[in-house]
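What follows is a set of notes on a single structure, which appears directly below.
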Amino acid sequence: MTENILEVNDLVKYYPVTRGIVFKKTIGHVQAVDGVSFNLRKGETLGIVGESGCGKSTLARVLMSLEKPTRGSVKYNGQEIYGMGASGMRRLRRNIQLVMQDPYTSLNPRMTVGDLIGEPFEIHPDVAPKSSRRQKVQDLLEVVGLNPEHINRYPHQFSGGQRQRIGIARALALRPEIIVCDEPVSALDVSIQAQVMNLLEKLQDEFGLSYIFIAHDLSVVRHLSDRVAVMYLGKIVEIGTEDEIYERPTHPYTQALLSAVPVPDPSSRETKAIIRLTGDVPSPANPPSGCRFRTRCWKAQEICATEVPELTVRSGSDHPSACHFAEKREIVATHEAGELTDLPTRTL
Ligand SMILES: Nc1ncnc2c1ncn2[C@@H]1O[C@H](COP(=O)(O)OP(=O)(O)OP(=O)(O)O)[C@@H](O)[C@H]1O
Ligand code: SF4
Ligand SMILES: [Mg+2]
């Protein structure tokens with residue numbers, strides 16, 4: 001069995017909501033991440049998908065120990081990361097790297113590409129002594145498909161896709177084991193997205209990397225992910241292999257997200273029903289009781305308001321789903337203006 005490189009258990013991150021300017025009073029909490037558990041296996045890609053504000057980036061920051069969790073545990077290679085000593089934290093920072101969404105703002109415009117990619121070596125000089133740094137940076141530029149002769153150029157002299165490649169080279173500099181990619185292609189054109197995804201795939205094979213790949217669109221993560229976790233309002237609502245999530249989803253939210261993914265074959269469009277979710281995502285400062293999805297769910301019943309559905313494998317399913325009525329749907333429904341309408345549709 002493949003070993004787990006990360007083990008995340010009941011991770012919680014709440015941000016206080018305060019009132020007052022001088023005397024700040026806490027009047028509540030934004031429950032950005034609330035009881036998230038999963039494992040990341042060595043060499044795998046775990047996709048994390050969910051709408052804006054569901055806590056994906058907060059989860060990424062807490063996993064990377066950039067922020068402290070409210071409670072919960074993250075083990076890296078079996079060792080708890082919170083409370084690690086200084087040397088453990090140094091090792092962790094070296095071995096888990098982040099690629100961010102926006103290549104326009106995540107790179108300092110006043111630094112050359114050479115300085116940007118070589119900066120991690122300043123903090124970890126043992127990885128590359130000064131004399132070999134220029135060569136190392138040029139090697140990294142080549143690895144990510146950029147011209148090593150452009151080492152003295154500035155970020156604005158590159159296109160969006162090339163800037164994301166610079167971000168990836170920077171993340172690779174210290175030869176990490178895990179890269180957390182927080183919406184790395186969301187700001188790019190579709191054709192460039194594919195190139196960057198292919199590059200990430202190639203690097204994974206070459207360097208044996210494990211990825212956590214965050215996106216708000218299920219179609220983006222499908223190609224790269226071995227498993228996918230779907231998040232809603234701070235919680236994972238369904239997690240499974242690529243097949244389990246895309247072919248046999250059991251949570252109404254996943255089914256709704258998938259129904260909105262365009263079908264490439266026009267002849268099958270007629271048979272595809274779109275589940276339209278009405279209403280906004282509730283505030284994470286005041287989430288609904290019981291199941292957090294119940295205010296937008298066409299299947300909600302009384303129990304959904306009183307009991308939090310556990311993320312567990314239920315009978316008739318083969319993977320964990322946080323729904324009291326998890327089931328593969330043969331007929332999907334559209335949910336408009338609070339009404340339930342059954343449509344003659346495809347099997348999800
Ligand atoms: N430092 C903070 N202080 C207070 N609230 C925060 C903080 N950071 C995030 N939040 C809140 O936590 C929730 C989750 O935010 P987060 O950025 O993790 O979502 P996300 O899924 O990454 O969204 P997006 O797809 O827009 O990037 C949001 O309601 C956000 O406003
Ligand atoms: S638990 Fe109830 S409200 Fe939540 S997804 Fe399942 S059916 Fe819908
Ligand atoms: Mg985000």
Does region 169-183 contain any residue that is buried (at least 18 other Cβ atoms within 10 Å of the Cβ) and more than 21 Å from Leu63 (Cβ to Cβ)?
yes
Of the residues that sit in region 50-68 and are within 16 Å of ligand 2 (Cβ to nearest atom) and of a type outside the set (D, E, K, R), which one is nearest to the chain's Cα centre (by Cα)?
Gly50
Could you check region 8-63 and list, in sequence order, the residues that are among the hydrophobic types (A, V, I, L, M, F, W, C), within 13 Å of ligand 1 (Cβ to nearest atom) and assigned by TED's automatic domain parsing to the domain that holds Ser219?
Ile48, Val49, Cys54, Leu59, Ala60, Val62, Leu63
Can you find a residue that is outside the structural domain of Pro282 (by TED's automatic domain parsing) and over 29 Å from Lys202 (Cβ atoms) anywhere in region 102-113?
yes
Going through region 116-154 one residue at a time, which ones are in a helix (DSSP H, G or I), in contact (Cβ under 8 Å) with a residue 40 or more places away in the chain and farther than 16 Å from Leu172 by Cβ?
Asn152
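The values are calculated or read from the model by the stated rules, or taken from the named source; none is laboratory data. A quick note: this is a predicted structure, and the numbers were derived from the prediction, not measured. Methodologically, a virtual Cβ is constructed for each residue, glycine included, from the backbone with ideal geometry; neighbour enumeration extends over all protein chains shown.
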